[in-house]
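K.L.:
To start, I am sharing the structure in question, which I have written as structure tokens.
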Amino acid sequence: MLHKISKYIYTHITVITVYFWFHKSLIYKFKHSTSDFSLEGDYLLGGLFPLHEIEQETTLFSAETTECFRHISSKSGYHMLQVMRFAVEEINNSTTLLPNVSLGYEIFDHCSNTKNFNSALSFISKNGSIRPKEKLNNYQPKVIALTGPYGSTRTMTVAPLFTMDLIPMVNYGASTSVLSNKLQYPSFVRTMPSNKDLIEMIIHLIRWFGWNWVAFIGSQDDYSSDGLKLFNKYINNTGICLAYQEEGLSPNANYSLTLKKIDKLNINVIVVFALPQYASKFIKAAIANNIQDKVWIASNAWAMNQQLPREPGIAKIGTIIGIAEKLLSLPGFNEFVYKARGTTDVGHNDSEGAIKSKTCNQACDYCTLLTAEEIINENPTLSFSIYAAIYTISHALHKVLKCDMTYRIDAPPSTQLGPFWLSGRQQLSQVAYNPPGHRLPHTLDVNLGGTSMNLLRVPGVEHVPFSNCSVECKAGYSRQPEGFHSCCFSCEKCPPNSYVNFSRDPYTCFPCAESEWSDEGSTTCKARSVVYPQFTEIPSIIVMVSAACLIILLIAIFCLFAYNYDTPVVKSAGGSMCFLMLTSLILSSISVFFFFGKPTFVFCLLRNAIFVFFFTVCISCLTVRSFQIICVFKMAAQFPKVQSLWVKHNGQWLFIAFATFVHLISCVVWMTVNPVKAIADSWSFKDQIMLICEMGNAITFTIVVFLSWVLGFLCLLFSYMGRDLPKNYNEAKSITFSLILYFLTWIAYFTAYLIIKSKYMVIFNAMAQISSINGILFSYFIPKSYIIIFQQQKNTPAYFQTSIQNYTQTISRT
């Protein structure tokens, strides 16, 4: 709010001008060219330096000017003043920079935020008066540019008085980012890093060491409030938590209470972004309160403090890391100071005479008491910034005056050169020059360019201190928030088939994709292997070779029966019905080949539907065959009419047709209601995806299997009833064996299907089909084929007639 005072003053400038003339402490005299505060020249530069400091500002808004010499002396301020004088003398002695042009200066002791307007009014005045509404072309204030003051609040207070008339302000000691706004401060530039650069470096440092639980302490001024605002802004999405913040450092602040709060919160990293006088008191309070083993990050305002390292007990409080610009030497400065001290009566204190011979705030009672060594050894943090500021103004002036002898039509006459010529055409912000022995950036409002955190080492620190709200979770553990701050959390192990990615979101266990898997507590997912029976695998080859041999054998028997169609063995086996049975078995065997390779809808459809349908046709033929033999030998005499109708209307074929039709309908419903399909089984094994065929709707599938098993049970029942028939017609044992093998095989398969999960279950399915076909083949057809080939004497009508007669005699005896 203080910088708004300057706008108020400028609005009421007429009143202040009157006071400016009649207050006797504001009488300006510039007769002594050897004064530290003034030097005559063709162009005057203004300088504002804190030769004294007010311990506590009073909020008294009046036109009274503070007499700075009555307050605490600041030797570093006098060091700054000498740097400006040195730079001006060096430029005046230069034959290349501003030749034949002399620079002068007028310097004021600037010690207050609100009560040093006399110096600012002096700079913008002309012949002791101010005309606020004069055009820029005609406006020629006393100074052509100025450097200073020191401090963000002081600069923001007086800056509007200069920048609204485009008087260049090349600042050496105000880092608040607010001053970077060119709309509000169009003629302001600086030769030191802004708070934005400093805060970014501090955050970089904190992240480098892995800290996330920090405190930010500032003083009650624009410098600290701007730093805190930027710190809160830039720590977003960095994982850093501001556990405690305070801007209350002041002369009367309760430092002990603040330190106790920090210690209670277990904060081990404290950013002290405050003015030197308050930061110094805060560190001394930490020593007094026995605060130990902390990390103190010092802002550039007090990072180079030369008194604190000498404080007793400073080592106990921990490590102080300072963020400051690289110190650059000023060749010739020491000689300049020795020379200046040689013309001064060192040790003679004539403060009253100095006060009387100078205008207000151009007096320094302690300055003459300082030796050259004391001046040289003062804090040099801002020395190069001041030096660069004077050179910046000089190069801009050099460019405007066309001192390089390049003729330009728009070059202004020296008598009409105003401050706006330096700032109005971006002369000031785009100067490119090299002061003696140094290279400066081409664009002012500099930053900490070139500073790197790589291979960073902190002297005296062997182990990095811990300053985190919670211990970082182990790999594979996700954070579970606890409390308000995101840095406070517990750790929870991620379940199987999930992972945590700290760079993406450390608070979430992300599920793996269906094609991936992970163990409990994983940070990544692994690709699952896709498995299914390949054509080239040994078990697959064995099964397919077996199926091929089975088909060849069935075809051979088919041909054998066809060649011996009129023989008694073929007729007793069912005649033409044998060919339907053999054809059904051949087609059932083909389904085995669809169990291998990558499952598709077609493969899934054919591997089961073909077998189930055609094998059921074969069983229906066996059922009819068993029933027909029972009818001939046991039921014909008791039920002659039924026997007559059965024979007359080809009952066996009607039954087969009916059973086949019903089973076909059930198969069609099974395949259409919820058709079988290829699916990826990702739940049976964590590291595999099995490509399998889903069985479809459970109800329709059960109906299909049930019909097949009902026929098999009837066949088994009829074959058991005919166990005492003639040997040539007695097929009870063979059919019973084949059906029992059929039932046991599929019971074993379905049991294993429910218990065992493996890609080889598909091979087990194919083997079950082969086993069922082999049961009928080897119990029913192979014995008959053996008689046809090797026992032809039994394949005669006489042999069969003898068997029937023997059966009749046996029945009659009983």
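The values are calculated or read from the model by the stated rules, or taken from the named source; none is laboratory data. This structure is a prediction, so every number in the text was calculated from the model and none was measured. Positions of Cβ are generated from backbone atoms using ideal geometry, with glycine treated the same way; all protein chains shown enter the neighbour counts. Heads up: the accessible areas ignore ligands, DNA and RNA and are worked out on the full protein's heavy atoms, side chains in. Shrake-Rupley method; radii C 1.70, N 1.55, O 1.52, S 1.80 Å.
K.L.:
For residue 266 and residue 334, what does the FRET efficiency come to when R0 = 35 Å and r is the distance between their Cβ atoms, rounded to the nearest 0.05? Can you show the working numbers first?
P.N.:
Details: r = 48 Å, r/R0 = 1.36.
According to the calculation, E is roughly 0.15.
K.L.:
Using a 1.4 Å probe, how large is the accessible area of residue 240, given in Å² and rounded to the nearest 10?
P.N.:
Accessible area, nearest 10 Å²: 10 Å².
K.L.:
Here's another thing I want to ask about it. For residue 565 and residue 792, FRET efficiency with R0 = 22 Å and r from the beta-carbon atoms, rounded to 0.05?
P.N.:
0.90
K.L.:
Under the 0.36 nm per residue contour assumption, what length would be gained going from the current alpha-carbon distance of residue 683 and residue 293 to full extension?
P.N.:
135.1 nm
K.L.:
Right, something else. Under the 0.36 nm per residue contour assumption, what length would be gained going from the current alpha-carbon distance of residue 740 and residue 519 to full extension?
P.N.:
75.0 nm
K.L.:
Using a Debye calculation, one point per C-alpha and no hydration shell, please list log10 I(q)/I(0) for the range 117-187 at q = 0.14, 0.28 Å⁻¹ in order.
P.N.:
-0.41, -1.41
K.L.:
Separate question: Tell me, what ³J(HN,Hα) does each residue in the range 503-510 have, in order and in whole Hz, if you take phi through Karplus 6.51 cos²θ - 1.76 cosθ + 1.60 with θ = phi - 60° and put x for Gly and Pro?
P.N.:
So the Karplus estimates, Gly and Pro as x, are 6, 8, 6, x, 9, 10, 8, 7 Hz.
K.L.:
Go ahead and run the numbers for FRET between residue 482 and residue 315, Cβ-Cβ distance against an R0 of 35 Å, rounding to 0.05.
P.N.:
0.50
K.L.:
So what is Rg over Rh here for the range 538-800, counting just Cα atoms and using Kirkwood for Rh? Could the numbers behind the result be given before it?
P.N.:
Numbers: Rg = 19.9 Å, Rh = 19.7 Å.
Over the Cα atoms of the range 538-800, Rg/Rh equals 1.01.
K.L.:
Exceeding 26 Å between C-alpha atoms, which entries from my cross-link table qualify? They are 142/196; 233/281; 75/182; 142/182; 75/284; 281/316. The partial results should precede the final answer.
P.N.:
Numbers: 142/196 33 Å; 233/281 28 Å; 75/182 33 Å; 142/182 24 Å; 75/284 21 Å; 281/316 16 Å.
In this structure, 142/196; 233/281; 75/182 lie more than 26 Å apart at Cα.
K.L.:
Across the Cα atoms of the range 477-527, what radius of gyration and what greatest pairwise Cα-Cα distance (Dmax) are found, in Å?
P.N.:
Radius of gyration, then largest Cα-Cα span, for the range 477-527: 11.5, 38 Å.
K.L.:
Right, something else. Along each of the three principal axes of the Cα atoms of the range 166-225, give the extent in whole Å, ordering the values from largest to smallest.
P.N.:
Here the spans come out as 45, 24, 19 Å, largest first.
K.L.:
Additional query: In vacuum, with every alpha carbon of the range 129-241 counted as one equal point scatterer, what does the Debye formula give for log10 I(q)/I(0) at q = 0.22 Å⁻¹? Two decimals, please.
P.N.:
-1.16
K.L.:
Could I ask something else about it? Number of Lys pairs in the range 644-780 with C-alpha atoms less than 30 angstrom apart, excluding same-chain neighbours closer than eight positions?
P.N.:
For the range 644-780, the number of qualifying lysine pairs is 7.
K.L.:
Could you calculate the contour length gain from residue 229 to residue 501, that is, 0.36 nm times the residue separation minus the distance between their Cα atoms, to one decimal place in nm? Each step should come with its number before you reach the end.
P.N.:
Details: separation 272, 0.36 × 272 = 97.92 nm, distance 3.08 nm.
Value of the extension gain: 94.8 nm.
K.L.:
Could you put 463, 110, 204 in order of accessible surface area, largest first, with the 1.4 Å probe and the full protein assembly present?
P.N.:
463, 204, 110
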